[in-house]
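Written below as structure tokens is the structure these notes are about.
The values are calculated or read from the model by the stated rules, or taken from the named source; none is laboratory data. If you're wondering where the values come from, they're calculated on a predicted model, not measured in any experiment. Counting neighbours? That spans all protein chains shown, and the Cβs are built from the backbone with ideal geometry, glycine included. Ligands, DNA and RNA are excluded from the accessible area calculation, which covers all protein heavy atoms including side chains. Shrake-Rupley method; radii C 1.70, N 1.55, O 1.52, S 1.80 Å.
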Amino acid sequence: MQPPDLGIETTLVHGDRTAASGSAVTPPIYQTSTFAFSDADAMAAAAQTPTFERFYTRYGNPNHGAVERILAAIEGGEAAMVSASGMGAISSTTIALTGAGTHVVAQRMIYDGARALLSRVLSRFGVEVTYVDQHDTRAFAAAMRPNTRLVMLESPSNPLLGITDVAEVCRIAHDGGALVSIDSTIATPVNQRPLELGADVVVHSATKYLGGHSDLIAGVVVSSRELVARIWETHHILGSSLGPFEAWLLLRGLRTLEMRVERHNHNALTVARAMEAHPRVTRVYYPGLDLHQGHAIAKRQMRGFGGLVSIEIDGSFDDARDVIDRLALFASAASLGGVESLVAQPAAMWPSSSTSADARAMGIIPSLLRLSIGIERAEDLVADLNHALGG
Ligand SMILES: Cc1ncc(COP(=O)(O)O)c(C=O)c1O
């Protein structure tokens, strides 16, 4: 038993004591697809139990359990479930909580894959969706229908760090009889705990900050015991199960989550302020800046503002591309949330949306750069950016 009220830093290190084996300080990797039972009765009994940590690895595995206990604790949920990717977590959650004839209200600015799941997959199975501006709580209320079962949020959202008033939107959704899922990947549980704000389900791409080292693909769902069991029912049928080694790597990454996120927060704020002052940067998106559209709400519902900063360069698509090519410390790569700094040009990553009026209207302009600020020395990152921008 753990003492109550452990700090997040302590839970990250000690929250999975049951996973230790004998005198090994680090848990072993249960690199096995299946588990043997002493006799047929024991196997039949295990097949009836709702927790499947030692039955068949598509159902669960001790390496999953270790991560799930920590994530449930640090998100303030009753239970958690890991999956093979963030999209695995989003897909299982969305499919489990909707069905033919139901309606979803989703932020227009949500991860591209989540939008594709709604618009290109679930639309074929009779699920309708209405997209709304995440900043406009009245738009959420207006979009609710009698058959709305799910409201899908992402805050801060990628790539413009839009902030949703989570408590207010949860109140609107619950009044209308819908559940709320939120992608909290960019915040992490260190900076934001959406279940405390009223959300029903939190999902993460654990590929990002939770893993933290750009060496694994994984996803997480955290919620009540009942909802995690419901989502798991769909998840183990869809089959997006996390490999034991990836779960073990994720656990290792989680040990240092709090320290890493503190540094990401510090570095990103330093970079955002420096970029605000740079003559070639026309706009900076970072929820920690006073001028950011969602700053007041972010201050209320977040403890730190995260490691993602987006900037608009005074110039064209090609000018922004030239800035990327002059950067020495920032690798030009998709993804975010690792210890190393990365840069991406959203208009180049999502060429189909970059040309659409929608993307423009949402603020994704050709010269926008998304910076995933790592844990290097902040001054080195600022100097690299200044050099690349020609300042
Ligand atoms: C905010 C957000 N949610 C979900 C995902 C999907 O995660 P994964 O790539 O682990 O499936 C991503 C990936 O970029 C993301 O940025």
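Here is how the number arises for the chain: DSSP H runs of 4 or more residues each give -39500 (n - 2.57), the sum is divided by the residue count, and the result at 222 nm is -11500 deg cm²/dmol.
Using Cα atoms only, what is the angle between the long axis of helix 62-75 and the major principal axis of the chain, expressed in degrees (0 to 90) to the nearest 10? For helix 62-75, the angle is close to 60 degrees.
Compute the angle between helix 86-97 and the longest alpha-carbon principal axis of the chain, please, reported from 0 to 90 degrees and rounded to the nearest 10. On a 0 to 90 degree scale, this one is about 60.
Sorting LYS299, LYS208 by solvent-accessible area of protein heavy atoms yields LYS299, LYS208, largest first, with a 1.4 Å probe.
Compute the angle between helix 257-276 and the longest alpha-carbon principal axis of the chain, please, reported from 0 to 90 degrees and rounded to the nearest 10. It is inclined by approximately 10 degrees. Mind telling me which of THR93, THR49, THR57 comes out most flexible in a GNM of the chain, alpha-carbon contacts under 10 Å? Of THR93, THR49, THR57, the most mobile in the Gaussian network model is THR49.
How much net charge surrounds ASN191 when only the other residues with a Cβ under 13 Å from the Cβ of ASN191 are counted, with Lys and Arg +1 and Asp and Glu -1?
On the way: positive: ARG193, LYS208, ARG260, ARG263, LYS299, ARG300, ARG303; negative: GLU75, GLU196, GLU258, GLU262.
Net of charged neighbours comes to +3.
Rolling a 1.4 angstrom probe over the protein heavy atoms, how many square angstrom per residue are accessible across the range 8-255? Spelled out: the 1.4 Å probe surface of the range 8-255, per residue, equals 39 Å².
Placing a pseudo-label 7 Å from each Cα along the Cα-to-Cβ vector at SER119 and HIS213 gives an inter-label distance of 3.7 nm.
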